[in-house]
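The values are calculated or read from the model by the stated rules, or taken from the named source; none is laboratory data. Just so it is clear, the structure is predicted and the values come from calculations on it, not from any experiment. A quick note on method: Cβ atoms are made from the backbone with ideal geometry, for glycine too, and the neighbour counts reach across all protein chains shown. Accessible surface areas use protein heavy atoms only, side chains included; no ligands, DNA or RNA. Shrake-Rupley method; radii C 1.70, N 1.55, O 1.52, S 1.80 Å.
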Amino acid sequence: MARTWLSIRVELVSGHGADLWPRPGRVFAAARSHSFTQLATAIDLAFARWDLAHLHLFTLSDGTRVSPLEWWDGEAPDGTVDGHATKLSRLQGGEQFAYVFDLGDNWAHLCTVADKRIDPLDELGDAPDRPVPYWGWGTLPDQYARRWDGDDGESPLPKRPARGLSDLPPILPWWGEHHRR
């Protein structure tokens, strides 16, 4: 297969009221025939989003906004084009655009299209039916800034077990009160 796919670098810039540094990121392989909605789904999954019931919006370098129009119930920002119908073929090498997930917590991403196209067989070993990440780095924050199950945003961090992994059942040799040797 020829070098026909886009390589799109996506960096998480900010969200939940905080700027992130260093910025975690992922690099995606995407066919020009994939839609912006498919790219949004791939980004959300690669950035560990688990509550996907939030609006998202791309803003392209020319100011065009892209989002699934049916989500807005007729209230989409003026000039917004449908993310299901708008294909990634609209993007050019070197172009930068923004993606925001959850318009309340504003998880903002800088997206950069690589100057050169890629061959999905070389990068992925396959040509998947949707955009997929093939490289990544950084620590991903929880979308609600929870640090543990039951975090209410005010309670102190739970104490770590005094003896490492002693609180776990002894399923693996290094877990549990009595380490198996």
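Can you tell me which residue is most open to solvent (accessible area, probe 1.4 Å) among those in segment 100-120 that are closer than 18 Å to TYR144 by Cα, in a strand (DSSP E or B) and in contact (Cβ under 8 Å) with a residue 60 or more places away in the chain? Spell out the reasoning first.
Residues of segment 100-120 that are closer than 18 Å to TYR144 by Cα, as a first pass: 100-109.
After this cut, where a residue has to be in a strand (DSSP E or B) as well, the list is 100-101, 107-109.
Among the residues that remain, those that are also in contact (Cβ under 8 Å) with a residue 60 or more places away in the chain are: 101, 107-109.
Values: PHE101: 2, TRP107: 8, ALA108: 26, HIS109: 5 Å².
Going through the qualifying residues, I end up with ALA108.
Can you spot a residue in segment 22-33 that is closer than 18 Å to LEU140 by Cβ, in contact with a strand residue (DSSP E or B) (Cβ under 6 Å, 6 or more places away or on another chain) and assigned to a loop (DSSP other than H, G, I, E, B)?
Quick first cut of segment 22-33, residues closer than 18 Å to LEU140 by Cβ only: 22-28.
With the extra rule that they be in contact with a strand residue (DSSP E or B) (Cβ under 6 Å, 6 or more places away or on another chain), the set shrinks to 23-28.
Still in the running and assigned to a loop (DSSP other than H, G, I, E, B): 23-24.
The answer is yes; a qualifying residue exists.
Go through segment 61-93 and give me each residue that's assigned to a loop (DSSP other than H, G, I, E, B) and open to solvent by less than 40 Å² (accessible area, probe 1.4 Å).
Here is the first cut: in segment 61-93, the residues assigned to a loop (DSSP other than H, G, I, E, B) are 61-64, 68, 73-80, 83-86, 91-93.
Of everything in segment 61-93, those that are assigned to a loop (DSSP other than H, G, I, E, B) and open to solvent by less than 40 Å² (accessible area, probe 1.4 Å) turn out to be THR64, PRO68, ALA76, PRO77, THR80, GLY83, THR86, LEU91.
Being small (Gly, Ala, Ser), surrounded by fewer than 20 Cβ atoms within 10 Å (Cβ to Cβ) and in contact (Cβ under 8 Å) with a residue 24 or more places away in the chain is the requirement here; does ALA53 meet it? Steps first, please.
On the way: small (Gly, Ala, Ser): yes; surrounded by fewer than 20 Cβ atoms within 10 Å (Cβ to Cβ): yes; in contact (Cβ under 8 Å) with a residue 24 or more places away in the chain: no.
No.
Which pairs have Cβ atoms under 7 Å, sit 6 or more apart or on different chains, and link a residue in segment 22-36 that is closer than 25 Å to ASP82 by Cβ to one that is among the acidic types (Asp, Glu) and not in a strand (DSSP E or B)?
ALA29/GLU123
Assess whether ARG26 counts as being of a type in the set (Lys, Arg) and buried (at least 16 other Cβ atoms within 10 Å of the Cβ). Steps first, please.
Details: of a type in the set (Lys, Arg): yes; buried (at least 16 other Cβ atoms within 10 Å of the Cβ): yes.
So ARG26 fits the description; yes.
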